[in-house]
Amino acid sequence: PDMVLIHGGDTKGVDRLASSWAERRGIPQVTFSLDMRLGARAGFKRNERMLSLDPRYVIAFPGNGVLERLVIEAKARRITVVDRRGPLGTNPKNTSAST
C-alpha cells in the first residue's frame, strides 16, 4: 500500500477518529499501545517506537508535553510535521521539515 496509518491506539479522541477513517477506506494500520510498565516514560517510549518506522509525515493534534517531544523529535529527523494544534492549524504546504 502507498499509505499506512500509525497511531497510539487510543479508543477515543483523534486516534479513534483516524482509525475509523482508515477502516472505512481499507487503509492498513499499525497501533502502538502504551506500555504502562514504563510509568511516566510510556508515552515517550511509544513515540520513539513510532518514529523508528521513519514515517513520511507526523500529524500533530492538541496534546501534552509528550506530543510536543514527538514534534520536536520528528522535526529533528526531518520528518514533515503537519501541525493541527492551533485553532485553524497550519497549511501542510507551508510546513517545513527543517523548522
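The values are calculated or read from the model by the stated rules, or taken from the named source; none is laboratory data. Only a predicted model underlies this, so the values are computations on that prediction, with no experimental measurement involved. Every residue, glycine among them, receives a Cβ derived from its backbone with ideal geometry; neighbour counts consider all protein chains shown.
The set of residues from region 50-86 being surrounded by 14 or more Cβ atoms within 10 Å (Cβ to Cβ), over 18 Å from Arg16 (Cα atoms) and among the charged types (D, E, K, R) comprises Arg69, Glu73, Lys75, Asp83.
Only one entry in Ala76, Ala42, Ala18, Ala22 is in contact with an Asp or Glu (Cβ under 8 Å, 6 or more places away or on another chain) and modelled with pLDDT of 90 or more, namely Ala42. Scanning region 20-47 for residues that are part of a helix (DSSP H, G or I), over 21 Å from Ile79 (Cβ atoms) and of a type outside the set (Asp, Glu) gives Ser20, Arg24, Arg25, Met36, Arg37, Leu38, Gly39, Ala40, Arg41, Ala42. Scoring Leu88 on the criteria (1) out of contact with any helix residue (DSSP H, G or I) (no Cβ under 6 Å at 6 or more places or on another chain); (2) modelled with pLDDT of 95 or more leaves a single failure, condition (2). Report, by residue number, each residue of region 11-29 that is farther than 19 Å from Ser52 by Cβ and surrounded by 15 or more Cβ atoms within 10 Å (Cβ to Cβ). Hits for region 11-29 are Val14, Ala18, Ser19, Ala22, Ile27. For Val82, the conditions (1) over 18 Å from Asp10 (Cα atoms); (2) modelled with pLDDT of 95 or more are fulfilled apart from (2).
Contact map, region 48-73: residues that are free of Cβ contacts under 8 Å to residues at least 40 places away in the same chain and part of a helix (DSSP H, G or I) paired with residues that are buried (at least 17 other Cβ atoms within 10 Å of the Cβ) and among the aromatic types (Phe, Trp, Tyr), Cβ distance under 9 Å, separation 6+ or inter-chain. Pairs shown: Arg49/Phe32.
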